[in-house]
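In what follows, a single structure is set out as structure tokens and then discussed.
Each reported figure results from applying straightforward, stated rules to the coordinates on display, with no laboratory input. Treat the numbers as computed from the prediction; the structure is a model and nothing was measured. Using ideal geometry, Cβ is built from the backbone for each residue, glycine included, and neighbour counts are taken over all protein chains shown.
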Amino acid sequence: MAVAWVNGRSRGLPAGFEATRCALVSATVNGAAIPDVGLGCVNMSDRSDAERSAAGSGLRADAERNRERVLSAAREVFAEQGLDASTNEIARRAGVGVATLFRRFPTRDDLVGAVFADKMGAYAAAIDDALADSDPWHGFCGFIERVCRMQADDRGFADVLTMTFPTAKALEEERDRTALALAELLDRAKAIGRLREDFAHQDVPLILMANAGVVTATRDAAPEAWRRLVGYLLQSFAADTAQPLPEPPTTTQMYRALMRLSRPPR
């Protein structure tokens, strides 16, 4: 069915009008517009290719503007409130309807993946810089501090690093690549005798979960408190101070924990 726009609202047209666009004709009396005087119809086949292309481009540009407004608002709201933030609040700040938000991003994973693509790139860059450090222990400590600082700066990203988003393919692919690079960094730091031998890959999400909790609890009252936690943890990771520890959770257990932390959108 074709659609006509009447007083700014779409109205369906009967079959057979598919190639017709109808425009509201207004009359004026003493300069005042009188709406709904008539409905003028223009056959779309009479319009040039350039005119039809311009109309389509205008719609695409409008959709892209809405998308960017949603992303900008979501970055702001997630940074303030974390991933539990309401989609209604995001739509309100973006100046669009909730339906528009979900047309652009049908699932929370879609929205999270788009909002935090740049941050995940920075997370990957942090591990690359750590691997490039000639001192693996220094590189490891720098990586942990840098990522925990990223959590402190953005409450939403603090949540992202302690959850998993199976349908946000690009985000999870970047996380997987970073995990492989991190495993190499851990091996290097252990090889020079600086990182305790029983430090496991699964310990990194535990660090990030702990830091996320501190960041959330102290954000307003003591926003730098996370630094002390990280300082304590890094000292405990050093090989020369190592004491026996309980066994770490398995990779399967940690994945389940990350999945459990994920919540459906509101």
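So the values come out like this:
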item: Karplus 3J(HN,Hα) series, Hz, for the stretch 154-166 with 6.51 cos²θ - 1.76 cosθ + 1.60 (x for Gly, Pro); result: 8, 4, x, 5, 4, 5, 4, 6, 10, 9, 10, 10, x
item: Per-pair calculated FRET efficiency, R0 = 22 Å: E172 and R103 via Cβ, rounded to 0.05; result: 0.40
item: By average C-beta atoms within 10 angstrom, highest first, the peptides 93-106, 144-157; result: 144-157, 93-106
item: Convex hull volume of the stretch 78-185 per residue (C-alpha atoms, cubic angstrom); result: 88 Å³
item: Placed amide H near L195: partners under 5 Å, 5+ positions off or other chain; result: K190, A239
item: Packing-based exposure ordering (other Cβ within 10 Å, fewest first) of Y123, Y255, Y232; result: Y232, Y255, Y123
item: Span from the the stretch 202-230 Cα centroid across to the the stretch 95-112 one, whole angstrom; result: 30 Å
item: Amide hydrogen neighbours beyond the local backbone of A242, cut-off 5 Å, H modeled; result: none
item: Virtual paramagnetic centre 7 Å along Cα→Cβ of A179, amide N under 15 Å, in the stretch 129-169; result: 161-169
